[in-house]
């Protein structure tokens, strides 16, 4: 009986990722998020010998300046832990959305699970921006002003520390009237996400 | 008559005794030494004092040595990647934000020529397209809505 | 003679058109003077440069390595690369590499001084010496007065390394003012991933 109970605890521990070799935080080994209707387990690569290779391991980035840590005084910059928290709490219950600002091709090839794609070039298309605001819960009132009382919280990311797509798009959204406290800037971007070994998705 | 009553009484007593035993077993009301021992060993993660924690941390940190491996840096990294095929159909919100026919035509003319990669992705998508007989619940409204706005 | 002039012309046009990778627009390098030396920090100009050393490893074992939160304390500012460079150029304080010696010896960010985080953890003569050097003054009762304390900027290996956060948390418990501590969370990993200049510190005798 005693052995059975111990075994039960052990299996629960394994299931909860207690014995994962590579965790996220001391209490967290993985989360589940929904990506296009499918449940995805977001966790880190467990192989301690695994290195990042390919496009996102490049060091040479001509014409792409390093971005400041804070893109605007009222907009919070977040890291991976905060992003995962956002994905789990806000993303899964539809009060928040994670937006990938990279080109459609790059997004479909590989992106952060649960993210939706708005190519950065959209910031110049006023018609589309208006529709996007509507999807996020903003209401255009008769007098022309924007009612943002029920908008979703939006987390933005692009390629990484040297990519200005996210800061530029967030600034556009701010100019449109989207509340600063409802926007988050994941500065690390897809590059940091990959180099920390997190799960990615490919949209077929 | 008396015999019958006696038998019933005995039967009830036995039934009661059995049910008591069953309840005890079910709700673990008996205390025994082995159970106590289990209570003490149950927390799998030991509660350490702050000092112990820090010492363990230092030990782990000092004893850690990086393992270096040779890799081909240009090779694409496909570890920990999940392939996802969208599982829903369009809904009311998507219809509301769809491009009009004229806009679609205009966008088509402006589209960049597709390169091989996009063509192969499209081909894969078409191959995997399966008929969906029932209307499923929309789960990714936002993604679908945005997809339609952008395209 | 003509040939010479043509060569000069060609070379200069090539140089003029060569795309220099900037840190920020218009600034292709930063000159830092620290610890008696001058350093030039710039981004890699090699188009085939990839991060291939141990900083390309994705998964360090937990424990002791976990992903650190973006913010250690609401008054301890998290810095990025540009803010670090600003800090160094403006000489705003002391730039500390909080890693254990074996990490620091392999490579470090220019102008950093190595104070391994474990020196901050327990009361010791060494810690007292360091605190005094950072501008803290010992009170009669044995506590510290940090009114003249310098601003310090700490870093370690990267977002997965807890060495500098541990140092900062230890200093917070001693009473070091939170607003005088800065945390460069990206660390060696982000610094190298961006192709920024690193140095191999000379061995201490």
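Read the figures in this text as sums done on the coordinates, not as results from a lab. These numbers come from a predicted model, not from an experiment. Cβ coordinates were reconstructed from backbone atoms using ideal geometry, including for glycine residues, and neighbour counts include every protein chain displayed.
Data for the structure
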quantity	calculated
Those residues of the range C:43-66 which are touching a helix residue (DSSP H, G or I) at 6+ places or on another chain (Cβ under 7 Å), at the interface with chain A (Cβ under 7 Å from one of its Cβ atoms) and within 21 Å of residue C:199 (Cβ to Cβ), in sequence order	C:50, C:51, C:56
Any strands (runs of 3 or more DSSP E) falling wholly within the range A:11-123 and containing at least 3 residues that are buried (at least 20 other Cβ atoms within 10 Å of the Cβ) and touching a helix residue (DSSP H, G or I) at 6+ places or on another chain (Cβ under 8 Å)	A:96-100, A:115-117
Test: residue in the range C:174-189 that is closer than 26 Å to residue A:195 by Cα and either part of a loop (DSSP other than H, G, I, E, B) or more than 14 Å from chain A (Cβ to nearest Cβ) (or both)	yes
Residue C:81 in contact with a strand residue (DSSP E or B) (Cβ under 6 Å, 6 or more places away or on another chain), touching a residue at least 12 places away in the same chain (Cβ under 8 Å) and either within 13 Å of chain A (Cβ to nearest Cβ) or under 30 Å from residue A:63 (Cβ atoms) (or both)	no
All positions within the range A:180-190 that are surrounded by fewer than 24 Cβ atoms within 10 Å (Cβ to Cβ) and either free of Cβ contacts under 8 Å to residues at least 24 places away in the same chain or over 10 Å from residue A:156 (Cβ atoms) (or both)	A:180, A:181, A:182
Count of the range C:32-42 residues which are on the phi < 0 side of the Ramachandran plot and out of contact with any helix residue (DSSP H, G or I) (no Cβ under 8 Å at 6 or more places or on another chain)	6
Residues of the range A:30-48 satisfying the condition of being without any contact (Cβ under 8 Å) to a residue 40 or more places away in the chain and at the interface with chain B (Cβ under 8 Å from one of its Cβ atoms)	A:37, A:38, A:47, A:48
Residue list for the range A:155-181, filter: assigned to a helix (DSSP H, G or I) and over 28 Å from residue A:44 (Cα atoms)	A:168, A:169, A:170, A:171, A:172, A:173, A:174, A:175, A:176, A:180, A:181
Unique residue being surrounded by fewer than 18 Cβ atoms within 10 Å (Cβ to Cβ) and part of a loop (DSSP other than H, G, I, E, B) when the list is C:158, C:142	C:142
